[in-house]
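Encoded as structure tokens, the structure appears first; notes follow it.
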Amino acid sequence: MPRRFWIGFYVIALCLLVCLLLASLASCINGLITHLWLECIAAVLIPYFVWLSWITLGLLRHTLRGRDIDDNSADRRDTDTVDQTHGAESNPSGYGEWRATALVVLVLVALVALIWTIHRSEMLVLAFIVLFCISAPFGIKLIGPAKCVQIASSTVERRLQNRYRTEVNQLAQVGFKPMFIFGESTSLYRLVLIYPIVLYTIMLLNRETAIVKGSRIVFGYPVLNSTDGKTYVYLMQLGLKFYTRFEDGSILLTKSFGGTAKFGPNVIFQRLCDASIHDVWTEHNNRVQQLEAEGKRADAETGFATFYRIWAEA
């Protein structure tokens, strides 16, 4: 059967299993609250649904990676002719924000529908929506502080290469080379706060690459560096970020996607949405040259520690 059929099948199966898992969890919690101990029997189903959901998610991710490999192979065969006739290639992550927004809406609708199915109470549904809206602005605090690590795993490296192959190939054409895998890890104990469960579910459905190490979940992102060592590029599902640090401590940051994040006082920020990787890089590089003409000197020191300092300061 075609790969598209299996992708749809695994998505439907995963949604069904997650709904059954949440239903079992809700039934168990309701039984504890109302002292209806018979409903707590559903607790024995929770590990079973977790196990099946994890296996189904793995199969879905494996199928998606296989599709990416096939697509990227076709892209490589046609690269020369495309470059000759169409100029700059489009940004593969150009619609990352729309995909993430759609996933947020779908997950919230699924949760509201599940709550309504379990307990037909408008007040309960409204309370859930209000609680989510209140917790969203405090999402970073609910997730907890992220610890940054360099991931040295051939398995993760292969997964990221397959996932971001098109972006890496386009960046290689403008002089970037892979440096390392930058990992952001957070505590799994925060899952009891519910909000991280929703967020991680959305991130995994959005095909972020993650591994579990001990009591922490680590999301990995490729980092590349320009040939002159002045600029780093950080790849993620929403798009990409270009960083250049200057010797006076200021940082030039150029993003290819939107957002409301606040940056440090030493950050010179610019955004170029819905543009090709080539155009975003050209805009960033032109601004670097402009700042250097004004007297700034770009820091050409490279390495994980250097990028971590830039990431933390920005």
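Here is a yes/no grid of residues against (1) farther than 26 Å from Y10 by Cβ; (2) within 19 Å of the chain's Cα centre (by Cα); (3) in contact (Cβ under 8 Å) with a residue 60 or more places away in the chain:
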| site | (1), (2), (3) |
| --- | --- |
| N169 | yes, no, yes |
| V174 | yes, no, yes |
| S187 | yes, yes, no |
| L193 | yes, no, no |
| L199 | no, yes, yes |
| V212 | no, yes, no |
| S215 | yes, no, no |
| L224 | yes, yes, no |
Single unsatisfied condition, F257 versus (1) modelled with pLDDT of 90 or more; (2) surrounded by 13 or more Cβ atoms within 10 Å (Cβ to Cβ): (1)
Some residue of region 209-231 being closer than 24 Å to D279 by Cβ and in contact with a His (Cβ under 9 Å, 6 or more places away or on another chain): yes
One residue from T209, T186 being at pLDDT 80 or above, under 29 Å from T63 (Cβ atoms), in contact with a Lys or Arg (Cβ under 6 Å, 6 or more places away or on another chain) and buried (at least 17 other Cβ atoms within 10 Å of the Cβ): T209
Within region 289-301, tally of residues that are of a type in the set (A, V, I, L, M) and touching a Lys or Arg at 6+ places or on another chain (Cβ under 7 Å): 2
Qualifying residues in region 177-196 (those that are among the charged types (D, E, K, R) and part of a strand (DSSP E or B)) - the one farthest from R309 (Cα to Cα): K177
Test set (1) in contact with a strand residue (DSSP E or B) (Cβ under 9 Å, 6 or more places away or on another chain); (2) free of Cβ contacts under 8 Å to residues at least 60 places away in the same chain; (3) over 25 Å from E157 (Cβ atoms) - K262 fails condition number: (1)
Restricting region 131-161 to residues that are touching a Lys or Arg at 6+ places or on another chain (Cβ under 8 Å) and at pLDDT 85 or above, the residue that is surrounded by the fewest Cβ atoms within 10 Å (Cβ to Cβ): K147
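The values are calculated or read from the model by the stated rules, or taken from the named source; none is laboratory data. None of these values were measured; they are calculated from a predicted model. FYI the Cβ positions are ideal-geometry reconstructions off the backbone, even for glycines, and counts take in every protein chain you see.
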